[in-house]
Amino acid sequence: MERVLLVNKFYYPRGGDCTAMLTTEELLKAHGHAVAVFSMQYPDNLPSPWAGYFAPEVSFSSTRMADRIRAAVRLFHSSGTATRFARLLDDFRPDVVHLHNIHSYLSPVVAEVARRRGVRIVWTMHDYKLICPSYSCLRDGQPCELCFTDRRQVFVHRCMKNSRAASLLAWMEASRWNRRRLERLTDRFISPSHFLKAKMVAAGFREEGIEVLHNFMYRPTPPPAPKGDYYCYAGRLSEEKGVATLLEAARRLPYPLKIIGSGPLHDVLRRRYPQAHVEFTGQLPADVLLPVVQRARFLVMPSIWYENNPYSVIEALCMGTPVLGANTGGIPELIEAGRNGELFQPGDVEGLRETVIAAFARYDTAYPFGGIAAAAQNKFGSEAFYKQLMRIYDH
């Protein structure tokens, strides 16, 4: 029986990377695998029998200089993390170490420790960190790929939090954990989208070392339901998500729009767009969120950055809700225009406005939304994911 050790910097549903790791853990256990986890100690973590091995917590936002120094040191190496991880490897003896999001709070030192013990290493990419030191391939609100060939650019343009100090650390981290070093440590990288794989190859990674494996839905989603007269956005309210583009289009439209989520732009956007037909719901628990998306005529994903393989799109499609998505990143891989959604150019307010009008006409209440759900559940089902993951583990 294959023994798998999953590694992610947090162990609670904080974001897509955490969701991917947690659902993979459930899936592997359901198939009879012995599974251990390694993470950083954190107050919001879920209970785990492996928590005693977790790396000590560090904070990059602490007001104490000693805390920030300790966090900065972990970017490059941490004897505490390495020692605890080595102890877990010796006690659990995995056949495969499956890394997820490990930079900063854990660091790739865990890969080095596993490699020295001859354990196979598989690493799923959830963002662009290995080719963009600031994670997002975004600069001044526009896609940027300068660091693909010159990592110094993160410091030149102060891409990390608009801070020279943070950007210098990001450059130094990228220099230490460079492509050649990470490729030597990793048997296979997993990319959740063809788009991310293409960008990794453009940045110098070996194409044959990267497998494409889309995210999956482990838990059953609610079946299609009668559609309402509104459309919605669900996600973080931050610049890269392009919510301002959606709201600019919405103010010129009569249709009700629900903006679900929170983030740094929540208050600003709420003041800027006070239209009566735009409702800011704030963050909603899953049992409330899912019915809202389920009954929406369609969901809009207006991102201006390179989205990878967003769970919000997959989840909506699995419930039979079409998606209008920005034609960027991995979003186009999920959408068949005219069948389960539409595409528009990122940042194009007028183009999005016209797309929304056309979508209300196409996806009327008589549209066969059940077909969208069936196709998505087949494509993003857990069994297909599991079979391909086993092939990657055993390859």
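The values are calculated or read from the model by the stated rules, or taken from the named source; none is laboratory data. Being a predicted model, the structure only gives us computed values, none of them experimental. Positions of Cβ are generated from backbone atoms using ideal geometry, with glycine treated the same way; all protein chains shown enter the neighbour counts. The protein model used for the area step is the full one, side chains on, heavy atoms only, and it has no ligands, DNA or RNA in it. Shrake-Rupley method; radii C 1.70, N 1.55, O 1.52, S 1.80 Å.
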## Note on the structure
For THR149, the lone unmet condition from (1) more than 22 Å from GLU239 (Cα to Cα); (2) open to solvent by less than 40 Å² (accessible area, probe 1.4 Å) is (2)
### Query
In the range 23-37, what residues are without any contact (Cβ under 8 Å) to a residue 60 or more places away in the chain, surrounded by fewer than 21 Cβ atoms within 10 Å (Cβ to Cβ) and in a helix (DSSP H, G or I)?
LYS29, ALA30
### Query
Looking at this structure, is GLU208 touching a residue at least 40 places away in the same chain (Cβ under 8 Å) and open to solvent by 60 Å² or more (accessible area, probe 1.4 Å)?
no
### Task
Report, by residue number, each residue of the range 100-111 that is open to solvent by 10 Å² or more (accessible area, probe 1.4 Å) and modelled with pLDDT of 95 or more.
ASN101
### Query
Can you tell me which residue in the range 60-76 is farthest from the chain's Cα centre (by Cα), limited to those that are assigned to a loop (DSSP other than H, G, I, E, B) and within 26 Å of GLU112 (Cβ to Cβ)?
PHE76
### Query
Tell me, which strands (runs of 3 or more DSSP E) lie completely within the range 274-343 with 3 or more residues that are crowded, with 19+ Cβ neighbours inside 10 Å?
299-301, 323-326
### Query
Which members of the range 2-11 meet the condition of being within 19 Å of VAL109 (Cα to Cα) and either out of contact with any Ser or Thr (no Cβ under 8 Å at 6 or more places or on another chain) or open to solvent by 30 Å² or more (accessible area, probe 1.4 Å) (or both)?
VAL4, LEU5
### Conditions (1) open to solvent by 30 Å² or more (accessible area, probe 1.4 Å); (2) of a type outside the set (Lys, Arg); (3) out of contact with any strand residue (DSSP E or B) (no Cβ under 7 Å at 6 or more places or on another chain): number failed by TYR255
(3)
### Task
May I ask you to verify whether LEU168 is in contact with a helix residue (DSSP H, G or I) (Cβ under 7 Å, 6 or more places away or on another chain) and open to solvent by 60 Å² or more (accessible area, probe 1.4 Å)?
yes
### Message
So if I check each of ARG68, ARG74, ARG116, ARG14, which one is open to solvent by 60 Å² or more (accessible area, probe 1.4 Å), out of contact with any Cys (no Cβ under 6 Å at 6 or more places or on another chain) and touching a residue at least 12 places away in the same chain (Cβ under 8 Å)?
### Response
ARG14
### Summary
Taking the range 369-395 and the residues there that are open to solvent by 50 Å² or more (accessible area, probe 1.4 Å) and either of a type in the set (Asp, Glu) or in contact (Cβ under 8 Å) with a residue 60 or more places away in the chain (or both), the one that is nearest to ALA316 (Cα to Cα) would be GLN377
### Query
Filter the range 90-99 for residues that are within 27 Å of the chain's Cα centre (by Cα) and over 19 Å from ARG179 (Cβ atoms); which is most open to solvent (accessible area, probe 1.4 Å)?
ASP95
### helices (runs of 4 or more DSSP H) (entirely within the range 162-258) containing at least 1 residues that are hydroxyl-bearing (Ser, Thr, Tyr) and closer than 23 Å to ASN308 by Cβ
164-176, 243-250
### Query
Could you say which residue among ALA366, ALA361 is in a loop (DSSP other than H, G, I, E, B), without any contact (Cβ under 8 Å) to a residue 12 or more places away in the chain, of a type in the set (A, V, I, L, M, F, W, C) and over 26 Å from ASN215 (Cα atoms)?
ALA366
### Query
Taking the condition at negative phi, touching a Leu at 6+ places or on another chain (Cβ under 7 Å) and of a type in the set (Asp, Glu), does GLU25 pass?
yes
#### Entry: Count - residues of the range 78-122 that are closer than 15 Å to LYS9 by Cα and in contact with an Asp or Glu (Cβ under 9 Å, 6 or more places away or on another chain)
7
### Message
I need a count of the residues in the range 38-59 that are of a type in the set (Gly, Ala, Ser), touching a helix residue (DSSP H, G or I) at 6+ places or on another chain (Cβ under 7 Å) and part of a loop (DSSP other than H, G, I, E, B).
### Response
1
